Amino acid sequence: MSRRNDFDVAILGGGLAGLTAALQLGDERPATRIAVVEKRSHPVPDTAHKVGESVAEVAAIYLKDMLGLEDYLAEHQHRKMGLRWFCSNGDNRDISERVEFGSMRYSPLYNFHVDRGALENHLGELVAERGVRFIDGARVRDVEMGGAAHRVLVDRNGQSEEIAADWVIDSTGRQGLLRHKLGIGIDLHIDTDACWFRIPYQLMVDEWCDDSAWRAQVPTGTRWKSTISFVGEGYWVWVINLGSGTASVGVVADPRYVPFERIRRYDALLDWLREVEPQLAGYLPEDEDQLLDFMKRRRFAQTCTRSFSRDRWAVTGEAACFVDPLYSTGLDFTAVGNTLAVDLITRSLDGAPAAEIRARVRSHNRTMAGLLTFSTPTFEGQLGVYGDPQVTGAKFIWDNMSYFSIMLNMFKNGLIVDPAFGKQIQDQLALNTQMNSYMQERFREWSSEAWDARSAGVPLGKDAFWGDLFFTAAGTLTRDELAAHVETSVARLHSISREMVVRMCEAAGRPVPDDPFAHVPVARDDLLEWAAYSGERRPFSLEDDSEITWHVHPAPLSAV
Ligand SMILES: Cc1cc2nc3c(=O)[nH]c(=O)nc-3n(C[C@H](O)[C@H](O)[C@H](O)COP(=O)(O)OP(=O)(O)OC[C@H]3O[C@@H](n4cnc5c(N)ncnc54)[C@H](O)[C@@H]3O)c2cc1C
């Protein structure tokens, strides 16, 4: 039997993207009649549910501040201590001998590791409490688009149901229902594979070495709370400890360096890890049946030609795009996509003129496309770089500077949805994108066999560098302040880029190329210092009592 229900918005897929979109829509426009259709039955398993457990700063602001989940996250999930990278050194048997990038203290920006199932269960309850019709255990078979209302055809318990809705949001994740139906999918040229698994205990990396000096470098003794990446040529391995007392471990690899065969089954993976990451391998279960799960995926980077349409549909979450997990930006894209979709839908339901909706659709599609155009070179063909700690250091600084100074502040201050603001700063954003592409090419070049720029040292951000990034994003900026901050940030990125290029070329005995961005102002902030490679164990100590200081642990690099 077929029943018909009328809603303002039907959300296809009740994973993280769909459930947060429902919550955000309901918060911003309480009268909205919303249905969420989710294939799986709730409650789902708390842990070992889905991949995507590390929450970066944009998504953390979205979840805790915009959706009001701060108390829930603090009580039930794991507060993360930022990113922590261990570069390869020699045989990787001693964590204390590796070059380490990571914070000595918690940054003022909260972020989290989440047990995805627990979070989705909580969100499912929350949306239902707020009047959303959450239809779990139900599969969307098709959507008939157009007409006065879209018709969503749903199968549940052997029955068919039809939902009529003004707007449809596709958040079916990888399945990408509308992406396939409308033929709007594109594969990005990022050739990486991944596998991941969950284990029933945490990996306490602080205890992997008895060296008290090494332990004392992070006085809180909480390296294990970071999103940890063990990086090497052509791969990185994540360790994400979770609030449930379990850990998620995953490998992302470029098949030119690590054939998929080596990671696609747990036994093969463990053999490979014993070769390249023997210390980590020693802490992992011997047999697959001791794991909570084991998953794999080939070439996961994809997107859509557009995410929003004046024909009253939107695509968000992984259905809209996923580039790369390295900086945990998957949920950031979800936060931005949902926020743009909610802006459009609430205006449309409130009767905004068609011309305004058309203009916003264009602008929001440009924003998503701009983010992707900016981000893609950061990951495209970049895994080879991670065999070289010096270039890894340069890239780490560069990538973080771009993320924290511009994207995070635009999102935090609510201006990512403002077409006029986007227009105002579009030249700065275009420059930022061009400089990023240029620098990502340099990182690939510098990490090639033909280059030896070791005498340049490893670039590090001074306290002022990190302080500016973290504290600016922790505060609020007015529209004018943000416009000025974007301009300053682009000037800073320019000066950092120039400093890196000149120093690396001179150290390698190569001609210094002309500056393609000579027309861009330079900020004379002197934000970097360069640590020599040496056997000295020299964490950068706190010079004042500021909350944050980043340190590198420059170990002798026997590998180079
Ligand atoms: C290897 C890897 C590592 C990652 N690590 C991170 C990370 O650390 N941090 C991060 O932010 N992101 C990460 N991501 C990205 C992250 O996993 C995704 O961004 C996130 O899971 C997307 O959530 P979503 O709600 O869009 O999709 P999903 O969580 O997949 O939800 C989609 C939902 O739609 C439902 N569905 C599908 N089809 C139908 C249908 N026909 N009818 C009804 N329901 C349907 C599914 O059951 C599912 O619940 C990673 C991705 C990969 C591949």
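The values are calculated or read from the model by the stated rules, or taken from the named source; none is laboratory data. A quick note: this is a predicted structure, and the numbers were derived from the prediction, not measured. As a convention, Cβ positions derive from the backbone with ideal geometry for all residues, glycine included, and neighbour counts pool all protein chains shown. Surface areas here come from the heavy atoms of the whole protein model, side chains and all, with no ligands, DNA or RNA. Shrake-Rupley method; radii C 1.70, N 1.55, O 1.52, S 1.80 Å.
Listed values, structure above:
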| item | result |
| --- | --- |
| So residue 99, is it over 17 Å from the mean Cα position of the chain (by Cα), within 16 Å of the ligand (Cβ to nearest atom) and either among the aromatic types (Phe, Trp, Tyr) or surrounded by 22 or more Cβ atoms within 10 Å (Cβ to Cβ) (or both) | no |
| The stretch 256-278, residues that are open to solvent by less than 30 Å² (accessible area, probe 1.4 Å) and closer than 16 Å to residue 235 by Cα | 258, 260, 263, 268, 269, 270, 272, 273, 277, 278 |
| Selection from the stretch 1-50 of residues that are of a type in the set (Val, Ile, Thr) and modelled with pLDDT of 95 or more | 9, 11, 20, 32, 34, 36, 37, 44 |
| Residue identified as in contact (Cβ under 8 Å) with a residue 40 or more places away in the chain, away from the ligand (no atom under 16 Å from the Cβ) and touching a Lys or Arg at 6+ places or on another chain (Cβ under 6 Å) among 346, 367 | 346 |
| Lone qualifier among 387, 393, 370 - being farther than 30 Å from residue 28 by Cα and either surrounded by fewer than 21 Cβ atoms within 10 Å (Cβ to Cβ) or touching a helix residue (DSSP H, G or I) at 6+ places or on another chain (Cβ under 9 Å) (or both) | 387 |
| Any hit, the stretch 341-357, residues being among the acidic types (Asp, Glu), touching a Ser or Thr at 6+ places or on another chain (Cβ under 9 Å) and assigned to a loop (DSSP other than H, G, I, E, B) | no |
| Hits in the stretch 6-51 - residues which are open to solvent by 40 Å² or more (accessible area, probe 1.4 Å), of a type outside the set (A, V, I, L, M, F, W, C) and away from the ligand (no atom under 15 Å from the Cβ) | 6, 27, 28, 29, 30, 33 |
| Residue check, residue 372 farther than 22 Å from residue 229 by Cα, in a helix (DSSP H, G or I) and of a type in the set (A, V, I, L, M) | yes |
| Within the stretch 273-332, tally of residues that are within 16 Å of the ligand (Cβ to nearest atom), assigned to a helix (DSSP H, G or I) and at negative phi | 5 |
| Some residue of the stretch 111-122 being open to solvent by less than 30 Å² (accessible area, probe 1.4 Å), part of a strand (DSSP E or B), touching a helix residue (DSSP H, G or I) at 6+ places or on another chain (Cβ under 9 Å) and closer than 22 Å to residue 242 by Cβ | yes |
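Yes/no per residue for (1) free of Cβ contacts under 8 Å to residues at least 40 places away in the same chain; (2) assigned to a strand (DSSP E or B); (3) within 14 Å of the ligand (Cβ to nearest atom):
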{"site": "148", "(1), (2), (3)": "yes, no, no"}
{"site": "163", "(1), (2), (3)": "no, yes, yes"}
{"site": "181", "(1), (2), (3)": "yes, no, yes"}
{"site": "221", "(1), (2), (3)": "yes, no, no"}
{"site": "224", "(1), (2), (3)": "yes, no, no"}
{"site": "239", "(1), (2), (3)": "no, yes, yes"}
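Okay, residues lined up against (1) over 25 Å from residue 348 (Cβ atoms); (2) more than 19 Å from the chain's Cα centre (by Cα); (3) not in a helix (DSSP H, G or I):
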position	(1), (2), (3)
6	no, yes, yes
21	no, no, no
24	no, yes, no
30	no, yes, yes
36	no, yes, yes
41	yes, yes, yes
46	yes, yes, yes
68	no, yes, yes
73	yes, no, no
